[in-house]
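The values are calculated or read from the model by the stated rules, or taken from the named source; none is laboratory data. Being a predicted model, the structure only gives us computed values, none of them experimental. Every residue, glycine as well, gets a Cβ built from its backbone with ideal geometry; the counts of neighbours run over all protein chains shown.
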Amino acid sequence: MSAAVHNPRIGSAGDSGASPAPGADAWQALREDGDLQFAPVDIPPIKPPEPTWFERMLAEMFGALAELFAPLGRVLGGAWWWLQWVLLAALAGFVALLLWRMFGPGFQRQRKAEDAMAEEWRPETAAGLALLEDADRLAAEGRFDEATRLLLQRSVGQLATARPDWVEPSSTARELAALPALPDGARTALRIIAERVERSLFALRALDRADWEAARAAYADFALARLDGQGRPA
């Protein structure tokens, strides 16, 4: 007789069924945990907030405006095919008028008047004489650098007072001397005086009498051009 072979994978005849799947107990415990939510949650609808009195007032106002302008909107909507050409023609006329005012005869007359004003500008005679008197006093003491700087500072101040649109707070004397609207005499005077002041300040070279006399003559030739050699009106 052959002996029966026992297979451990095959349950005995007395087994009642298969063993539970691995992890089934853990899953069941997780489902029974009251801290976790598995059932669907019903969220009640949120009622919109009631409008404030201001919102109700705006709604009523816009509703009234809509009713008021509704007929006009219907008229404009029906006439838009020709109204757009009217608006386009009005825009073209406005542009043409603007160009006429900018570059027409009136603009040319204004430009000529401004050019004439620029050519005629000079410091007042009394102010020019007072400046030269103060600067001459410094030069008589041998303080040529201070006298020349005084000429430049007051010249720029006179220009800023007469034409504030020409002078910015950051403007330098060289920039002012290069202004196209500045008269030739003023441009030359500023350039000659500024060159000597720059030499004194930045090159650390003291000015001598020749430098002072050149700066003084440049200012006097421009500012006192209406006077003769004796300080009388020419």
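Among the residues that make up segment 193-206, is at least one of them basic (Lys, Arg), modelled with pLDDT of 85 or more and buried (at least 16 other Cβ atoms within 10 Å of the Cβ)? Yes: one or more hits.
Residues that are surrounded by 10 or more Cβ atoms within 10 Å (Cβ to Cβ), assigned to a loop (DSSP other than H, G, I, E, B) and either touching a Cys at 6+ places or on another chain (Cβ under 7 Å) or at pLDDT 75 or above (or both) within segment 1-58 comprise just one, Pro51. Taking segment 112-121 as the range and being surrounded by 11 or more Cβ atoms within 10 Å (Cβ to Cβ) and either modelled with pLDDT under 60 or assigned to a helix (DSSP H, G or I) (or both) as the test, the residues that pass are Glu114, Asp115, Met117, Ala118, Glu119.
Residue pairs whose Cβ atoms lie under 6 Å apart, sitting 6 or more positions apart in sequence or on different chains, and linking a residue in segment 124-135 that is within 14 Å of Asp221 (Cα to Cα) to a partner that is in a loop (DSSP other than H, G, I, E, B), are Gly128/Leu224.
Quick one: which of Gly104, Gly73, Gly93 is modelled with pLDDT of 85 or more, among the small types (Gly, Ala, Ser) and surrounded by 10 or more Cβ atoms within 10 Å (Cβ to Cβ)? Talk me through it step by step, then tell me what you get.
On the way: Gly104 fails: modelled with pLDDT of 85 or more; Gly73 fails: modelled with pLDDT of 85 or more.
Among Gly104, Gly73, Gly93, only Gly93 is modelled with pLDDT of 85 or more, among the small types (Gly, Ala, Ser) and surrounded by 10 or more Cβ atoms within 10 Å (Cβ to Cβ).
Taking segment 122-188 as the region of interest, the helices (runs of 4 or more DSSP H) fully inside it that hold 3 or more residues being within 40 Å of the chain's Cα centre (by Cα) and of a type in the set (A, V, I, L, M) are 144-162, 173-177.
Being crowded, with 17+ Cβ neighbours inside 10 Å, at pLDDT 75 or above and more than 18 Å from Pro123 (Cα to Cα), is that true of even one residue in segment 213-231? Give the steps one after another, and end with the answer.
First pass over segment 213-231, keeping only residues crowded, with 17+ Cβ neighbours inside 10 Å: 215-216, 218-220, 222-224.
Within this subset, residues satisfying the condition of being at pLDDT 75 or above are 215-216, 218-220, 222-224.
After this cut, where a residue has to be more than 18 Å from Pro123 (Cα to Cα) as well, the list is none.
Within segment 213-231, none of the residues are crowded, with 17+ Cβ neighbours inside 10 Å, at pLDDT 75 or above and more than 18 Å from Pro123 (Cα to Cα).
Cβ-Cβ distances below 9 Å connect the following pairs, each with a first residue in segment 164-185 that is without any contact (Cβ under 8 Å) to a residue 60 or more places away in the chain and farther than 18 Å from Ala220 by Cβ, a second residue that is charged (D, E, K, R) and surrounded by 12 or more Cβ atoms within 10 Å (Cβ to Cβ), and a separation of six or more residues or different chains: Glu168/Glu175; Arg174/Arg191; Arg174/Glu195; Arg174/Glu198; Leu176/Arg187; Ala178/Arg187; Ala178/Arg191; Leu179/Arg187.
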